[in-house]
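A short write-up of the structure that comes next.
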Amino acid sequence: MIDPFGRHISYLRVSVTDRCDFRCVYCMAEDMTFLPKAEVLSLEELDRLCSTFVRLGVRKLRLTGGEPLVRRNVMSLFRALGRHIAAGALDELTLTTNGSQLARYAEELRDCGVRRVNVSLDTLDAAKFTAITRWGKLGKVMDGLAAAKRAGLAVKINTVALKDVNDEEFDDLVAWAGDEGFDLVFIEVMPMGDIGGENRLEQYLPLSLVRARLARRWTLEEIDYRSGGPARYVRVAETGRKLGFITPLTHNFCESCNRVRITCTGTLFMCLGQEDAADLRTPVRQSESDAPLEAAIREAISRKPKGHDFIIDRRHQRPAVARHMSMTGG
Ligand code: SAM
């Protein structure tokens, strides 16, 4: 699949549920309303959708959410999708998780062909962790990370940079990730979804500042490594680990975008920061043949926009897009 700007679409992210066991303050309001079950694709429908994308050339599949590991029986989906890894049709099957259920599932994920996980963790301070996630317990995530290590899964930590919340901890996070053997990626907060009383401008911390501060303590070596995604990486000489920066607001990363996203209701978003979308649930549910589904996917890819334009400043405090990150999974 090639879009109108010559970009090969080889990476699909699938939000398998809109539900989560955390309520991170920058991501969700505390009293979220979740989708009725009938609207959400079954695990079999998700498998069919993902498998169609694999047939059309997707080589990397990431399950996300909401929290993917809270979806009932989600391991059957991982197991089903693992067949594409075994067959060589897919290079990577992975997930983004808050880590709360990893202690239970790390081994099984490895059995299904998963080799790497992204775990979201914004602080190493237990009280702060509960303040940010509202409902989370740091100890459980740490147990999950230990289980992932034992299972031989490579771990990348995703940390959202939050002004006056975790900005004193960045050096500690770099040191900790180094000790644990994890890569670390800092993410700028993005203006997505209504988050109740929280104020985006107060949360926003440009990563240019974060990087400059880190450079006082660490030797950040430029490296060529690109994950195919939006992160720019350096190597921390003292720890040997990669450190990434995702800067949707200070750096537009669209020119190399190779990805599209599906929500748990089968809506395909061609860009994280734009509203245009395609309904894939109808072709999945209306026909046993995959032909209408394939046609709908190809038509949608022909509409993939050039890029997005997130802005947070005093005049733009409302969400750039109405949906929450948990809908498309970030
Ligand atoms: N529950 C899983 C997790 O915690 O990783 C997967 C879904 S979560 C929506 C994916 C990532 O998006 C997390 O790293 C989270 O911190 C990030 N995220 C959520 N809302 C965001 C926002 N407004 N700006 C930047 N990152 C956000």
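Consider the stretch 88-97 and keep the residues that are in contact with a helix residue (DSSP H, G or I) (Cβ under 9 Å, 6 or more places away or on another chain) and open to solvent by 10 Å² or more (accessible area, probe 1.4 Å). The one that is farthest from the ligand (Cβ to nearest atom) is Ala89. Ala151 falls short on exactly one of the conditions (1) open to solvent by 30 Å² or more (accessible area, probe 1.4 Å); (2) away from the ligand (no atom under 15 Å from the Cβ), and that condition is (1).
The set of residues in the stretch 258-269 that are within 26 Å of Ser227 (Cβ to Cβ), modelled with pLDDT of 95 or more and surrounded by fewer than 22 Cβ atoms within 10 Å (Cβ to Cβ) contains only Thr267. When the test is whether a residue is in contact (Cβ under 8 Å) with a residue 60 or more places away in the chain and assigned to a helix (DSSP H, G or I), Leu69 does not pass it. I need the full set of residues from the stretch 107-119 which are open to solvent by less than 30 Å² (accessible area, probe 1.4 Å) and away from the ligand (no atom under 13 Å from the Cβ), in order please. Leu109, Cys112, Gly113, Val114, listed by residue number. Scanning the stretch 64-81 for residues that are open to solvent by less than 10 Å² (accessible area, probe 1.4 Å) and either of a type in the set (Lys, Arg) or within 16 Å of Asp21 (Cα to Cα) (or both) yields a total of 6.
Residue by residue, here is whether (1) under 16 Å from the mean Cα position of the chain (by Cα); (2) more than 16 Å from the ligand (Cβ to nearest atom); (3) under 28 Å from Asp3 (Cβ atoms) holds:
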| residue | (1), (2), (3) |
| --- | --- |
| Glu44 | no, yes, no |
| Glu67 | yes, no, no |
| Gln101 | no, no, no |
| Tyr105 | no, no, no |
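Taking the criterion of being buried (at least 20 other Cβ atoms within 10 Å of the Cβ), over 15 Å from Leu77 (Cβ atoms) and within 11 Å of the ligand (Cβ to nearest atom), the residues of the stretch 4-24 that qualify are Asp18, Cys20, Phe22, Cys24.
The values are calculated or read from the model by the stated rules, or taken from the named source; none is laboratory data. Please read all numbers here as calculations on a predicted model, not as lab measurements. All Cβ positions, glycine included, derive from the backbone under ideal geometry; neighbour counts span all protein chains shown. Accessible surface is based on the protein model in full, side chains and every heavy atom, while ligands, DNA and RNA are left aside. Shrake-Rupley method; radii C 1.70, N 1.55, O 1.52, S 1.80 Å.
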